[in-house]
Amino acid sequence: MLLETVEFSSPLGSLKAAIHADRVHALGFADHWPRLAALLRARLGDVAFKQMPGHPPIICSINDYFAGDLAALDAVPVRLTGTPFQQKVWAALQRIPAGKTLSYGALARKIDAPGAARGVGSACNANVIWLAVPCHRVVGADGGLTGYAGGIERKHWLLAHERAQHERGRVVAPLPADRALRARGSRIRPKINVKPLATTNNRAAKVAPFRPWKIVVDILAPLQSEVRVV
């Protein structure tokens, strides 16, 4: 199978996608692409990659997502291959509303597999279409930001971004169960009406740059306030 690839920028670093017949087979951060390509080859067999010319619609959808239109991810037509259990997990992931999270155990119960939290975690780790199949919305039982293949800092940023847009009322309902995983029939579905993007004077509405050091500072600040000199 020949897959066309395209690489483009985002606030969290370069993203790369593999597309065939107008459907996305893989989407992830470019610094993790070798792993995603290896997973594709393991599932699809003989796979070759070729750089795609032009500007595919997925770039517009992802840019809109980072600009605040979280529903823009619904316009990304996907093609996922995996075991029946993995397919159930990936479909359930797409039903987690933007701005919300679910634990691995709770997700296991959602697919009628209580006690399969570890299996759910493995399926999330095997997901090769990030963002559109939002494994970043799954957290530990205590709400902790456990494992994300793209890095905990990126997971923290994505959840904060979605929570902020959710509070501004710019989120739509998740896909119905029968449409959650199957590929959409057209390149671009009718766009969801959202509020216009704020001007540059409204700094609160901007997408913040990715600063891993800022996350560390936020974590350490409460601890520093408790230090006493004896």
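Within the set of pairs 6+ apart or on separate chains, which have a first residue in segment 1-27 that is within 19 Å of R43 (Cα to Cα), a second that is small (G, A, S) and not in a strand (DSSP E or B), and C-beta atoms under 6 Å apart?
Close Cβ pairs (under 6 Å, with a partner that is small (G, A, S) and not in a strand (DSSP E or B)) amount to K16/A30; R23/A183.
Go through (1) within 14 Å of the chain's Cα centre (by Cα); (2) outside any loop (DSSP other than H, G, I, E, B); (3) modelled with pLDDT of 95 or more; (4) not charged (D, E, K, R) one by one and return the number of the condition A108 breaks.
Evaluating A108 over (1) within 14 Å of the chain's Cα centre (by Cα); (2) outside any loop (DSSP other than H, G, I, E, B); (3) modelled with pLDDT of 95 or more; (4) not charged (D, E, K, R) leaves (1) as the failure.
Could you count how many residues in segment 69-95 are in contact (Cβ under 8 Å) with a residue 24 or more places away in the chain and part of a helix (DSSP H, G or I)?
15
Of the residues that sit in segment 69-87 and are over 13 Å from the mean Cα position of the chain (by Cα) and surrounded by 21 or more Cβ atoms within 10 Å (Cβ to Cβ), which one is modelled with the lowest pLDDT?
As a first pass, look at segment 69-87 and keep what is over 13 Å from the mean Cα position of the chain (by Cα): 69, 75, 77, 79-87.
Filter again for surrounded by 21 or more Cβ atoms within 10 Å (Cβ to Cβ), leaving 69, 75, 77, 80.
Details: D69: 95, A75: 85, P77: 94, L80: 92.
Once the filter is applied, the top-ranked residue is A75.
Within the group A141, A98, which residue is closer than 18 Å to I62 by Cβ, among the small types (G, A, S) and not in a helix (DSSP H, G or I)? Give the steps one after another, and end with the answer.
On the way: A141 fails: closer than 18 Å to I62 by Cβ.
Checking each option against the conditions leaves just A98.
Are any residues in segment 112-132 surrounded by 17 or more Cβ atoms within 10 Å (Cβ to Cβ) and within 27 Å of A72 (Cα to Cα), and if so, which ones?
Listed by number, the residues that qualify are V120, G121, A123, C124, A126, N127, V128, I129, W130, L131, A132.
Right, W157: farther than 22 Å from A37 by Cα, touching a residue at least 24 places away in the same chain (Cβ under 8 Å) and surrounded by 20 or more Cβ atoms within 10 Å (Cβ to Cβ) or not?
Numbers: farther than 22 Å from A37 by Cα: yes; touching a residue at least 24 places away in the same chain (Cβ under 8 Å): yes; surrounded by 20 or more Cβ atoms within 10 Å (Cβ to Cβ): yes.
Yes.
Sort out which residues of segment 144-155 are within 11 Å of the chain's Cα centre (by Cα) and not in a loop (DSSP other than H, G, I, E, B), and write them in order of number.
Residues satisfying the conditions are R154, K155.
Residue-wise test of (1) surrounded by 14 or more Cβ atoms within 10 Å (Cβ to Cβ); (2) on the phi < 0 side of the Ramachandran plot; (3) under 15 Å from the mean Cα position of the chain (by Cα).
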residue	(1), (2), (3)
L3	yes, yes, no
V6	yes, yes, no
P11	yes, yes, yes
L15	yes, yes, yes
D22	yes, no, no
H25	yes, yes, yes
D31	no, yes, no
L40	yes, yes, no
V47	yes, yes, no
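Which numbered condition in (1) crowded, with 18+ Cβ neighbours inside 10 Å; (2) at pLDDT 95 or above; (3) out of contact with any Lys or Arg (no Cβ under 8 Å at 6 or more places or on another chain); (4) closer than 21 Å to A160 by Cα is the only one that L93 fails?
In the conditions (1) crowded, with 18+ Cβ neighbours inside 10 Å; (2) at pLDDT 95 or above; (3) out of contact with any Lys or Arg (no Cβ under 8 Å at 6 or more places or on another chain); (4) closer than 21 Å to A160 by Cα, L93 misses (3) alone.
The values are calculated or read from the model by the stated rules, or taken from the named source; none is laboratory data. Source: prediction; values computed, not measured. Cβ: placed from backbone, ideal geometry, glycine included. Neighbour counts: every protein chain shown.
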